[in-house]
1. Over the chain, what relative contact order in percent results from Cα pairs under 8 Å that are six or more residues apart?
2. Percent of Cα-Cα pairs more than 13 Å apart in the stretch 32-91, please.
3. Based on the Cβ-Cβ distance from residue 52 to residue 80, what FRET efficiency comes out when R0 is 35 Å, to the nearest 0.05?
């Protein structure tokens with residue numbers, strides 16, 4: 001259990017450091033690419049939430065991961081759609 005918490009904290013720290021170094025002009029294209037990764041996270045969260053028996057904490061953590069990944073996917077698609085609307089000709 002302690003190892004999982006250590007991995008989570010380190011992953012959160014590394015993720016924050018990596019994302020903070022990305023210039024603002026690259027955030028939207030990176031968000032489009034991260035939708036695929038978040039889609040994989042949604043599948044993984046479904047597996048975790050449904051696979052664990054007898055552990056309500058693991059089920060709730062899996063459900064939270066599912067909610068956060070889904071919000072990320074939907075937000076990514078909305079931002080990508082908004083970006084693509086900027087390139088359409090107004091008629």
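What follows is calculated from the coordinates using simple rules that are stated; it is not laboratory data. Here the structure is a predicted model, which is why all the values come from computation and not from measurement. Cβ: placed from backbone, ideal geometry, glycine included. Neighbour counts: every protein chain shown.
1. For the chain, the relative contact order is 30 percent.
2. Summing the P(r) of the stretch 32-91 above 13 Å gives 64 percent of all pairs.
3. According to the calculation, E is roughly 0.60.
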